[in-house]
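A.B. asks: Questions regarding the structure given below will be posed in turn.
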Amino acid sequence: MARKITYQQAINEALDQEMSRDQNVIVMGEDVAGGAGSPGEQDAWGGVLGVTRGLYHKHPGRVIDTPISESGYVGAAIGAACCGMRPVAELMFVDFLGVCFDQIFNQAAKFRYMFGGKAETPVVIRAMYGAGFRAAAQHSQCLYNIFTHIPGLKVVVPSNPYDVKGLLIQSIRDNDPVIFLEHKALYTMEGEVPEESYAIPFGEAAVVREGHDVTIVAIGRMVLKAQEAAAELQKQGIHCEIIDPRTTSPLDTDTILESVEKTGRLIVVDESHPRCSMASDIAGLAAERAFSSLKAPIRQITGPHSPVPFSDALEELYIPSAAHIVAAAKSLKEFR
Amino acid sequence: MTKALTRDDLLKAYRTMRTIREFEERLHTDFATGEIPGFVHLYAGEEASATGVCMNLTAEDHIASTHRGHGHCIAKGVDPVGMMAEIWGRKTGTCKGKGGSMHIADLSVGMLGANGIVGGGGPLVCGTALAAKLRGQPYVSVCFFGDGASNQGTIFEAMNLASVWNLPVIFLAENNGYAEATSSKFSVACDNIADRASAFGMPGITVDGFDFFAVYEAAGAAIERARKGGGPSLVEVKLSRYYGHFEGDQQTYRAPGEVQNIRDTKDCLLQFARRVTANGQISQAELDAIDAEVKALIDGSVAKAKSDPKPSEADLLTDVYVSY
Amino acid sequence: MKHSSSTAALGIIANPASGRDIRRLTSRALVFPTVEKVNMIERLLGAFAATGVQRVLMMPDLVGIAAGLLRAVEGRRGQGEAAWPEVEFLDMPLTDSALDTQRAVERMRAAGVAAIVVLGGDGTHRIVAGACGETPLATLSSGTNNAFPDLREATLTGLAAGLFAAGAVTPDEALVRNKRLRLQVGEREELALVEVCVTHLEHVGARAVWDPSSIAEVYAAFAEPDAIGLSSIVAGVSPVGRRQPQGAWVHCGGEGHGMLAPIAPGLVVPVPISASGLLQPDQPVALRSLRGSVALDGEREIELDGRQTATLTLELDGPLSLDVPATLDAAIRRGALHHPAMGRP
């Protein structure tokens, strides 16, 4: 039986192992150590939720606190990557994209193409995302679809402790800019994670569960909702196949299309808003390339076209649930 | 103390400034024929700034440039022939025809790119400077930006970051008096960009951007300070652009005769030539010979650009990623 | 306090370029921001108003001093504060160079101002002194980097200038005469108020002089031990007061003994001295070096090509300046600061 650690510990371990392996790996962001310039502990927080705790003392000088200045330090990470460093910049909440997007999509994403292939920008931008913490509209969004839209960026959305370690190690070793998104609700999730270092390649979806009736493609935390729904549906005689793309850019279209061709039914579960979402993107893919296999309309299960609400009563309504997936799967199975 | 200029240095400085001038004047002429695609922002008039700064740099030092970037590229050592091909959209261009005038970059000589986003370069040079600092290398980074960019938050963030991390960065404000068509007298609340330095805990100085020697010394002092670990500084260079914001801009917002008066009285090449010949360091014949060589170089670069191939369909999707 | 409508006008020259040259980098000189120059002028205007000055002539500029002052004047109108004198910007073409200062001074002189308040460094005062004739200067240092102008709170200088303009003190009480140096290089003639420094540097470059090894010779109209700048090199060997009828000189380099000199803020450096002596008035001396550049009051202005002859003469009939402590002292003893509405003590 392999060792079990949390999603959060797996991220910390990946950073630690890569920092030990390569002196060019640095970690920077607001309070990634926490305590710069203050009279007390210099590693007071280790990240706002403690994800980077302990790295400051293990890797002296390479865990760098920044001012609250996202354009400044995200851009600095990108500049450092241009001369061979491998910075991991933490944006804290992905919602803060709003104050540094230019550096990501106009600078990092475009250097290689604009400069005729003569630039490499091996930067990782980590951020947490997702609803469920009563953090309201500016700290709860799922913006992976915005990054996925941009050529030049790679986008990673790990759904479990094993993947988060292997994908983060791959992200750091990758030579393109990578947006690495961690769902807040997954930080405490436990799972089997090997102690040794390993990398999971991008663009390879995981078939989380095999089945022949309905294909469920789920992003990030929604993989867990899909698993919960599939267990219930199993009892009702409906066998779901769950696909976790793991990276939305590049996207493993082959695995998705093969599954849809097998089941003839597709549900996409995406916590973000419905318009121009991963749900609509994957639905469009299946409609265009697996149309003749489809036995029923494609269903997209997403949050609504509204900001994420604060009150728990509303936020629970906002987040796609296992019950939504169960109902959708049953309706597809019954479609004639 | 800034390194004293040798005769070879003076010849190199003149050749660089003349190359930039000739490059830009030629683009101005050729743009009018309609053959050059896209937006082109010319650096003519500002040559002493890029040259005076970059004469203090090595290929290991980095610069970030602006949309008005041709001069910075040439002064930092990017090949003008490849640049001309790039501006003409040719496959043989510095960026294989995929960047164009606003995105010429050559990391092999420390040129982080012209930049289509005003103020985009400030954060980037904090990164190149951070890399040098972490690795214990004596390399500096220079962020060229204009009076327009001086009002961008990215520049303020970068100045603060450079100060709190004590980075070897020089913020080189080229104040040519106009952000597009808007005067810096209107747009810069403190009027002198250099005044902003003190708010970020760094020294700020103003220097005459028509005078190569003044820029060379001032930038040299700032660069030497940064190399020795003294931290960032802000150097404001006051100068003027001869042509519009972009080619096609008739500059009706400028005073009648404003540009001609500057060309006649302050021009950096005229001043330089007058001074080095007056004190006998360089002869007029030597300067004339450089003029002829530079003209031949630019003529050749245009002829080559015109006949070089454009990129093909096979090039459309290459170099989006290292691997995907 | 008199509020006489016959009180003469005053002029204000604020050099837009002062306080931000390379000495901010090479030493730790103060950055002197435009906004603080505007603040100083506002404090002057407040003091002028208190002494009854009703009209002020100002040099316009392109970098925001005039604009800042206009904003301040506009702002006061809304707040009903005590009236400032009327500020009149001279109608003159601007070149963004020292020529602007020269022209402005000429116009103020022609307009008959009682005195010109100058905000700037040694360089600015040098330009003003070249054009002011017998119009007295009230000097104010913009920064900590100067020998000639007073480093003083502007309110006090404004008060003294206002009292002088109002006739509350006599010229004999208020004014002092300064020395100057006249430099002749070929056909070109230049003045300096503090010192002339010949350097080995070929070009005027960034103008300041901060490397002691570049200094060849220094000639000072006055060299006081408590003054910052190149004159401190002379002061270390041969100090001469502002009011003494001589100047002094040093030759630098060679095997000479070293002298610690505060040549710029934060920069106390050893300078080798090979010879020194006094300068007598109206006796031209030839410069020793004819190649390099010459700094006038701290800023390189002239490049020597090795062919021209260059001579330097100390003159005792330089510009008049306002002695602020003496003026205020005389005014107080006369009762000129008593406020009529509050009775006498």
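A.B. asks: How big is the charge dipole of the protein assembly as shown about its Cα centre, in debye rounded to the nearest 20, if each Lys and Arg gets +1 on its Cβ and each Asp and Glu gets -1 on its Cβ?
C.D. replies: Here the protein assembly as shown has a charge dipole of around 620 debye.
A.B. asks: So if I place +1 on the C-beta of Lys and Arg and -1 on the C-beta of Asp and Glu, and nothing else carries charge, what would the dipole magnitude of region C:204-285 be about its Cα centre? I want it in debye, nearest 20.
C.D. replies: Dipole of region C:204-285, to the nearest 20 debye: 180 debye.
A.B. asks: Further question on the same structure: With θ taken as phi - 60° and the coefficients 6.51, -1.76 and 1.60, list the Karplus ³J(HN,Hα) couplings across region A:5-20 in order, rounded to whole Hz; mark glycine and proline as x.
C.D. replies: 9, 7, 3, 5, 5, 5, 5, 4, 5, 4, 4, 4, 5, 6, 5, 6
A.B. asks: Non-local amide H neighbours of residue A:209 (under 5 Å, H modeled in plane, Pro and chain starts lacking H): which ones?
C.D. replies: Placed amide hydrogens put A:242 under 5 Å from residue A:209.
A.B. asks: With contacts defined as alpha carbon pairs under 8 Å and 6 or more residues apart, what's the relative contact order of chain B in percent?
C.D. replies: Once normalised by length, the contact order is 23 percent.
A.B. asks: Percent of alpha carbon pairs in region B:149-281 separated by more than 23 Å?
C.D. replies: Here the long-distance tail beyond 23 Å is 43 percent of all Cα pairs in region B:149-281.
A.B. asks: Could you work out which residue, out of A:229, A:313, A:322, moves most in a Gaussian network model of chain A, that is, has the largest mean-square fluctuation with Cα springs under 10 Å?
C.D. replies: Judging by the Gaussian network model, the answer is A:313.
A.B. asks: Return the equivalent ellipsoid semi-axes of region C:96-251 as a descending list in whole Å, where each equals the square root of 5 times an eigenvalue of the C-alpha gyration tensor.
C.D. replies: For region C:96-251, the ellipsoid semi-axes come out as 28, 18, 15 Å.
A.B. asks: Could you work out the relative contact order of region A:35-147? I mean the mean sequence separation of Cα pairs under 8 Å and 6+ apart, divided by the number of residues, in percent.
C.D. replies: 23
A.B. asks: P(r) for chain B, please, calculated from all Cα pair distances in 10 Å bins and given in %.
C.D. replies: It works out to 6, 27, 35, 24, 7, 0, 0, in whole percents.
A.B. asks: How big is the charge dipole of region C:156-252 about its Cα centre, in debye rounded to the nearest 20, if each Lys and Arg gets +1 on its Cβ and each Asp and Glu gets -1 on its Cβ?
C.D. replies: It comes to approximately 220 debye.
A.B. asks: Next up: Quick one: in region C:1-122, what % of C-alpha pairs are over 18 Å apart?
C.D. replies: Result for the distance tail: 54 percent.
A.B. asks: In addition: Given the -39500 (n - 2.57) contribution per DSSP H run of 4+ residues, what per-residue ellipticity at 222 nm results for chain A, rounded to the nearest 500 deg cm²/dmol?
C.D. replies: -9500 deg cm²/dmol, from helical runs alone.
A.B. asks: Select from C:117, C:53, C:31 the residue whose mean-square fluctuation is largest in a Gaussian network model of chain C (Cα-Cα springs shorter than 10 Å).
C.D. replies: C:31
A.B. asks: Okay, moving on. At what distance in nm do the modelled label points of residue B:182 and residue A:149 sit from each other, each positioned 7 Å from its Cα along Cα→Cβ?
C.D. replies: So the two model labels end up 2.6 nm from each other.
A.B. asks: Let me ask something else. Among A:208, A:167, B:226, pick out the residue whose Cα is farthest towards the positive end of the charge dipole of the protein assembly as shown, where Lys and Arg carry +1 and Asp and Glu carry -1 on C-beta, about the Cα centre.
C.D. replies: Ranked along the dipole, the leading option is B:226.
A.B. asks: Further question on the same structure: Choose one of A:77, A:231, A:183: the residue whose Cα lies farthest towards the positive end of the charge dipole of chain A (beta-carbon charges +1 Lys, Arg; -1 Asp, Glu; about the Cα centre).
C.D. replies: Selected residue: A:231.
A.B. asks: Rounded to whole Å and sorted largest first, list the principal axis extents of the Cα atoms in region B:1-48.
C.D. replies: Largest first, region B:1-48 extends 46, 17, 14 Å along its Cα principal axes.
A.B. asks: Per the Cauchy relation, a quarter of the hull surface: what is the mean projected area of the convex hull of the alpha carbons in region A:159-232, in nm²?
C.D. replies: 5.8
A.B. asks: I would also like to ask the following. Rank these for me by crowding, B:293, C:173, going from fewest to most other beta carbons within 10 Å.
C.D. replies: Listing B:293, C:173 from fewest to most nearby Cβ atoms yields B:293, C:173.
A.B. asks: Right, another one. Fewest to most neighbouring Cβ within 10 Å: what's the order for A:301, A:200, A:267?
C.D. replies: With the fewest neighbours first, A:301, A:200, A:267 line up as A:200, A:301, A:267.
A.B. asks: Given the -39500 (n - 2.57) contribution per DSSP H run of 4+ residues, what per-residue ellipticity at 222 nm results for chain C, rounded to the nearest 500 deg cm²/dmol?
C.D. replies: After summing the helix terms and dividing by the residues of chain C, the value is -7500 deg cm²/dmol.
A.B. asks: Separate question: In percent, what relative contact order does region C:233-339 have, based on Cα pairs under 8 Å that are 6 or more apart in sequence?
C.D. replies: About 20 percent, as a whole number.
A.B. asks: Using only the Cα atoms of region A:20-66, each taken as one equal point scatterer with no solvent, compute I(q) by the Debye sum, divide by I(0), and report log10 of the ratio at q = 0.26, 0.31 Å⁻¹.
C.D. replies: Here log10 of I(q) over I(0) equals -0.88, -1.16.
A.B. asks: Moving on to the next point. What list of ³J(HN,Hα) values in whole Hz, one per residue of region B:199-216 in order, does the Karplus curve 6.51 cos²θ - 1.76 cosθ + 1.60 (θ = phi - 60°) give from phi, with Gly and Pro shown as x?
C.D. replies: 5, 10, x, 10, x, x, 10, 10, 9, 6, x, 8, 10, 3, 5, 5, 5, 4
A.B. asks: Excluding residue B:78 itself, calculate the net charge of residues whose Cβ lies under 10 Å from the Cβ of residue B:78, where each Lys or Arg counts +1 and each Asp or Glu counts -1.
C.D. replies: Result for the local shell: -2.
A.B. asks: Select from B:107, A:35, C:65 the residue farthest towards the positive end of the dipole of the protein assembly as shown; place +1 on Cβ of Lys and Arg, -1 on Cβ of Asp and Glu, and compute about the Cα centre.
C.D. replies: Positive-end residue among those listed: C:65.
A.B. asks: Sticking with this one: Could you compute Rg(Cα) / (2.2 N^0.38 Å) for region B:40-139, with N its residue count?
C.D. replies: Here the Cα radius of gyration is 1.05 times the empirical estimate.
A.B. asks: I would also like to ask the following. Based on other C-beta atoms within 10 Å, arrange C:214, B:141, A:171 from fewest to most.
C.D. replies: In increasing order of surrounding Cβ atoms, one gets C:214, A:171, B:141.
A.B. asks: Let me ask something else. For chain B, modelled as a GNM with alpha-carbon contacts under 10 angstrom, which of B:239, B:172, B:124 fluctuates the most?
C.D. replies: B:124
A.B. asks: May I pose another question? Within the set of other residues whose C-beta is less than 11 Å from the C-beta of residue C:173, count the net charge using Lys and Arg as +1 and Asp and Glu as -1.
C.D. replies: With Lys, Arg at +1 and Asp, Glu at -1, the neighbours total -1.
A.B. asks: Please report Rg (one decimal) and Dmax (integer) in Å for the Cα set of the protein assembly as shown.
C.D. replies: Radius of gyration, then largest Cα-Cα span, for the protein assembly as shown: 34.7, 116 Å.
A.B. asks: When only alpha-carbon atoms are used, what values of Rg and Dmax, in angstrom, describe region A:59-142?
C.D. replies: Using the Cα atoms of region A:59-142, the pair Rg, Dmax is 14.1, 45 Å.
A.B. asks: Moving on to the next point. Please list, by residue number, every one of the GluC sites (Glu not before Pro) in region A:150-206 that is coil in DSSP and has at most 14 other beta-carbon atoms within 10 Å.
C.D. replies: A:195, A:196, A:204
A.B. asks: Along each of its three principal axes, how wide is the spread of alpha-carbon positions in region B:279-324, in whole angstrom units, largest first?
C.D. replies: 60, 25, 7
A.B. asks: In square nanometres and to one decimal, what's the mean projected area of the convex hull around the Cα atoms of region C:109-175?
C.D. replies: Averaged projected area of region C:109-175's Cα convex hull equals 4.5 nm².
A.B. asks: What is the percent of Cα-Cα separations in chain A that go past 31 Å?
C.D. replies: 32
A.B. asks: Over the Cα atoms of chain C, what radius of gyration and what Dmax do you get, in Å?
C.D. replies: When restricted to Cα atoms, chain C yields Rg and Dmax of 20.8, 70 Å.
A.B. asks: Related question: What is the Cα convex hull volume of region C:210-345 when expressed per residue in Å³?
C.D. replies: 158
A.B. asks: Which FRET efficiency value, to the nearest 0.05, is calculated for residue A:207 and residue A:38 with the Förster distance at 41 angstrom and r the Cβ-Cβ distance?
C.D. replies: FRET efficiency, residue A:207 to residue A:38: 0.30.
A.B. asks: Moving on to the next point. Please give me the summed charge of the neighbours of residue B:182: other residues whose Cβ is under 13 Å from its Cβ, Lys and Arg +1, Asp and Glu -1.
C.D. replies: My count for the surroundings of residue B:182 gives -1.
A.B. asks: Go through region A:66-75 residue by residue and turn each phi into a ³J(HN,Hα) via Karplus (6.51, -1.76, 1.60, θ = phi - 60°); whole Hz please, and just put x for glycine and proline.
C.D. replies: Per residue, the Karplus-derived 3J(HN,Hα) values read 10, x, 6, 6, 4, 4, x, 7, 5, x Hz.
A.B. asks: Can you give the average number of partner chain beta-carbon atoms within 10 Å of each beta-carbon in peptide C:92-104, as a whole number?
C.D. replies: What the average comes to for C:92-104 is 1.
No value in this document is a laboratory result; all are computed from the given coordinates. All values reported here derive from a predicted model rather than from experimental measurement. Using ideal geometry, Cβ is built from the backbone for each residue, glycine included, and neighbour counts are taken over all protein chains shown.
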